[in-house]
Amino acid sequence: MKQSSLKKLNLTLTDRIICLHQKGYTDDFLSINSEKLQCIQNGESFFIDDVRINLVDCGYDILTRSFQYIHTIDTQIGCRGLMILNGILPLYK
């Protein structure tokens, strides 16, 4: 695959992330376990049941050769950010 084709595939994901950053989703989250998420910027942990999680988009990432799913996270204390996973975050217990 040509280099320009590689750029086009990841450009869609990058553009979507930039758009979400402009809408205020500037923090980054990671999944600690099936019950908790952590904000990377401030280190604060949140129970999944206490945050609003929305799956907003997915796209194929040529670098990881997998689909990447973009989730928005809204916390009760005002943290807003993104979590990007190679699967859909399970919202069940």
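The values are calculated or read from the model by the stated rules, or taken from the named source; none is laboratory data. Quantities reported herein were computed from a predicted structural model and do not represent experimental measurements. Counting neighbours? That spans all protein chains shown, and the Cβs are built from the backbone with ideal geometry, glycine included. Note: areas computed on protein heavy atoms with side chains; ligands, DNA, RNA excluded. Shrake-Rupley method; radii C 1.70, N 1.55, O 1.52, S 1.80 Å.
Odds and ends about this structure:
- Put simply, of L20, L37, L30 the only residue that is part of a strand (DSSP E or B), under 11 Å from the mean Cα position of the chain (by Cα), at negative phi and at pLDDT 90 or above is L30.
- Residues of the range 59-85 that turn out to be over 19 Å from K36 (Cβ atoms) and without any contact (Cβ under 8 Å) to a residue 24 or more places away in the chain, as a count: 4
- Residues of the range 40-59 that are open to solvent by 80 Å² or more (accessible area, probe 1.4 Å) and part of a strand (DSSP E or B): F47, R52, L55.
- Filtered residues of the range 10-38 (kept if open to solvent by 40 Å² or more (accessible area, probe 1.4 Å), farther than 19 Å from G59 by Cα and not small (G, A, S)): Q22, K23, T26, I32, N33, E35, K36, Q38
- Per-region count, the range 67-81, residues more than 16 Å from R16 (Cβ to Cβ), open to solvent by less than 30 Å² (accessible area, probe 1.4 Å) and among the polar types (S, T, N, Q): 1
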